[in-house]
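The structure appears below as C-alpha cells.
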Amino acid sequence: MRERRKITNLVLALAAMALGLVAQGYFANGHLTDGLIVYGVAVGVFLYAFRHHRLTLAPTSEVSRDFGSLAERVLSFSGLQALILLVTSGLAAVAALRLFSGDVAPGRAWFLHLTSVAVFVAAAYLLEETRQPPPADRSRFTFHVSRFTFHVSRFTLHVPRPTLYALLLTLAVAVFMRLYRFGSLPYGTWYDEADNGLQVLRILSQPGYWPVYVESTNLPAHFLYLIAVSFGLFGVSTLSIRAVTVAFGLGTVIVGYLAARELFERRVALAFAFLLAVSRWDVNFSRLGIHGVTTPFFALLTVWLLLRALRTARLTDFAWAGVALGYGLCFYASFRLFPLVVVSFLLTILFATLWRRARGRSRDLLITRYSLLILVFALGTLLSVAPVAQFALSHPDVFWARTRKTSVFRDGVNAQAWRNVVANAAKHALMFNYRGDPNGRHNLPGEPELDDVTGVLFVMGLAYSLYRVRHPRLALLVVWWAIMLGAGVFSLPFEAPQSLRAIGALPAAYLLACVPLALFAAEGRRVLGRWAGKTGLIALLSLLAVVGGLNAHTYFGRQAHDFASWNAFSTAETRLAHEMKRLAGDYELYVDPLLANHLTTQFLAPGVRDYTVFDPTNLFPLGTSGPRGAALFVMPETEAVRDLAGRYYPQATVEPFGPPFPGPAILYT
C-alpha cells in the first residue's frame, strides 16, 4: 500500500500536467475562462500530489566561520595591503567622478573608473586571504579522470565531464538558434539598431567623445562601447551590432546553468540551460541589436554570484556579485528594478533566520555574520554604477525622460491610471500562456511567450513556489518574476503585454518551470529506485526535444513567415538604403517624404546624400535625371504618385518589394 501511494502521487502529478496541456488547448482556441478553470483543477491536483514533498534546494551557508576581529584582519600584512587598495579604489572613483562631471579628459575618467573597480576586487581577494589560508594547490587548470576542475586563485568550479559535454552540446544548440539564417532573419535594420550604430560611429570618429549616457538611445553608453569593439573586429554593419547581442544570449545560457546549479541538481540545471538555449523569447532579442537581452544575462550572473556568495560566505564572491549588479544597471532600463529583487531576497533570508532563531532551531543571527559581506556587495555595486548614478543625479530630466514618457502615470496618478495598471498586470500575467506581445518585432504577434510544454511547467512551478513561499529560494523565484514584470505592467497600456520591458522576468519564468522537473526527479527516485536514472533521463531528453522543436518551428517557421513580424524591423527603409546604394550615381534619386531622414537609411547608406525628398503635389514632370534616368522610391500609401508616374512615363519600370512569401508590397521603386 505504501508503494501504491507513492505511485499514485506520481500518476496524479502526470495527470495534472496532462490537464495543463488541455488548458493550453483552450487558450489556443481563445477560451480564456475554460482554460483557467482547467488550469485551476490541474494546479490543485499537482499540489495535492506533492503536498508532503519539500523540494531540497541548496541552503545558504550554515557554517559558523571564524572571521576574527576586524582589527586583527586589518592590522595583518595582507589586511594593511587590502586597506591601502580600498583607499586607492575610493580615490580613483572620486577622481573619475570629478572628471566625468566636468566633462574633462573622458578617456582618463573611464580609465580611473575601471581601475577603481579592479583595485576594489583585488582588495577583496587580499581581505579573503586574511580570513583563511589559500589552498595548497594553486594550479590554474587541472584535468582528472572523471571531472573538469578550474582554479583561478580561490575561485573554483567543478564540472563532471559528462556534464561538461552536455553543456557544450546545449551551447551548440544555442549557437544554432541564434546564428541560423543570421544574415536574413530578421531582414531589416530596426530604427534603434541604426541609432546604436550611428552613435558608435560618432564615438569612433569624434575625438574626446566618450559619453556615460547617450540621450538619443535613452540609455548608458556601455552597450555602445561593446558594439565599437565588434565594429573593430567585424567591420561596420548591422550584423556586427547583432553579434554583441548574440554573445549576450550565449552568455545567458552559460551563467544560466551556473545560477540553476546553485538551486537544483545538475540534470535540472542543464535542462534550464537548454530551455534558455531554445527560448524563442531570448532568441528573438539575441538576434536584434538592442539592449534588452542584456537584462537576463546580468540578472542570472548576479543571482549566481550572490547565491554562491551566500553558500561560501566569501568576500570575493560578494565583491563579484556587487560588480555584476552594478554593471547590470549600466545597460537596459528595466534592470533598474532588479536591486529590489536582491534586497527582497536578502530580507527573506534574514526573516527566515530570525524565525528559526525564535523557534530555537538556530543560534546564529545572519545579519551579524554577513554584515561585512553585504557591505562589500553594496560597495561593489556602487563603484560599478557610480558614473551612471552620478549622471542620473545631475541630469534627472534626461536620465528619466524615456521612463516618464512610457509610464502609465505620465498623465498623472489618477483612478484611470490605476485601472490601466490592473489591466496591464492581468495581460502580463497571461502573456506566458495565453496571449503574448502583439508587437511583431518582439514576438509572433499574440503568441504566448512560452511554448505549451514550458508554459504548463511554469504554471505548476509558480503554484508550488507560492505554496512553499516560506522557503527563501522559492520566494526568490516568485519575487523575481513579479517585480521584473513591473517594467511592463507600469508602462503604456496600448503596448501591453510588453515582452521587451518585461524581459527581466524571462529567467525567473524558466527557473519556475524547472521546479516541477526537480519535483518529478525526486519523486521518480523514490518510486523507481535504481531504474529512476535511465528512465528519468529518457523522459527529460524527450521533453526537451519537444520543447526545442516547438520553439524552432515557431521562430524559424511561423514567425519568419508572418508579415507583421517581417515588416516590423524598418524593413522598407532597409530596402530603400540598399537600393539607393545600388542606384546612386547612375540615377537621380527621389524619395517619398514618408521615408525621408530615417536613421536606418543614414546608417546603411551613409555615402548617399545626393537625393531629393519629393513633394507629391508638384513632382511631375521631373526636373532632373541622372545618366540612366530617375529612380523614385514610393510607399504604398502614396498611390497617386505611382499613377501619375505611369501617365507621364509609360515606359517606366516598376519594381515592387514585398516579403519572400505571399504578402503586400511595402515599397515601390
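Laid out as a table, the results:
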item: Listed values [x] -0.48, -0.63, -0.94; [y] -0.56, -0.71, -0.99; [z] -0.40, -0.54, -0.86, entry calculated as log10 I(q)/I(0) by the Debye sum over Cα atoms at q = 0.06, 0.07, 0.09 Å⁻¹; result: [z]
item: Pairwise FRET efficiency - TYR165 versus LEU36, Cβ, R0 = 41 Å, nearest 0.05; result: 0.45
item: Förster radius 22 Å - calculated FRET efficiency between VAL87 and LEU233, Cβ distance, rounded to 0.05; result: 0.05
item: Spatial separation of Cα centroids for the stretch 597-618 and the stretch 507-556, in angstrom; result: 53 Å
item: Added length on full extension, which subtracts the Cα-Cα distance from 0.36 nm per residue, LEU537 to THR403; result: 43.7 nm
item: Global geometry of the stretch 223-296, whether rounded, prolate or oblate, following the gyration tensor of its Cα atoms and the 1.5 cut on a/c; result: prolate
item: Average Cα contact separation per residue, the chain, under 8 Å, 6 or more apart, as relative contact order %; result: 14 percent
item: Computed FRET value (nearest 0.05) for GLU637 with TYR187, which takes r as the C-beta separation and R₀ as 22 Å; result: 0.60
item: Antiparallel %, DSSP beta bridges [both residues in the chain], to 5; result: 65 percent
item: Portion, in percent, of the accessible area of the stretch 202-262 that falls on carbon or sulfur, probe 1.4 Å; result: 65 percent
item: The stretch 183-197 - phi-based ³J(HN,Hα) in whole Hz, Karplus 6.51/-1.76/1.60, Gly and Pro as x; result: x, 10, 9, x, 6, x, 9, 5, 3, 5, 5, 4, 4, 4, x
item: Solvent-accessible surface ranking, highest first, for GLU447, GLU215, GLU655 at 1.4 angstrom; result: GLU215, GLU655, GLU447
item: Accessible area per residue, Å², the chain with all protein chains present, probe 1.4 Å; result: 45 Å²
item: 5 angstrom amide H check on THR612, placed H, neighbours 5+ away; result: LEU589, TYR590, VAL591
item: Sparse-neighbourhood loop sites, trypsin sites (Lys or Arg not before Pro) in the stretch 436-471 - DSSP loop, at most 16 other Cβ within 10 angstrom; result: ARG470
item: ³J(HN,Hα) computed for each position of the stretch 458-466 - Karplus, 6.51 cos²θ - 1.76 cosθ + 1.60, integer Hz, glycine/proline x; result: 4, 4, 5, x, 5, 5, 5, 5, 5
item: Rounded percent of accessible protein surface that carbon and sulfur make up, the stretch 410-545, 1.4 Å probe; result: 66 percent
item: The stretch 243-254 - phi-based ³J(HN,Hα) in whole Hz, Karplus 6.51/-1.76/1.60, Gly and Pro as x; result: 4, 5, 6, 4, 4, 5, x, 5, x, 4, 5, 5
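The values are calculated or read from the model by the stated rules, or taken from the named source; none is laboratory data. Not measured: the values here are computed from a predicted model. Reconstructed Cβ throughout: ideal geometry from the backbone, glycine too, with neighbour counts over all protein chains shown. We work out accessible area using only protein heavy atoms, side chains counted, and drop any ligands, DNA or RNA first. Shrake-Rupley method; radii C 1.70, N 1.55, O 1.52, S 1.80 Å.
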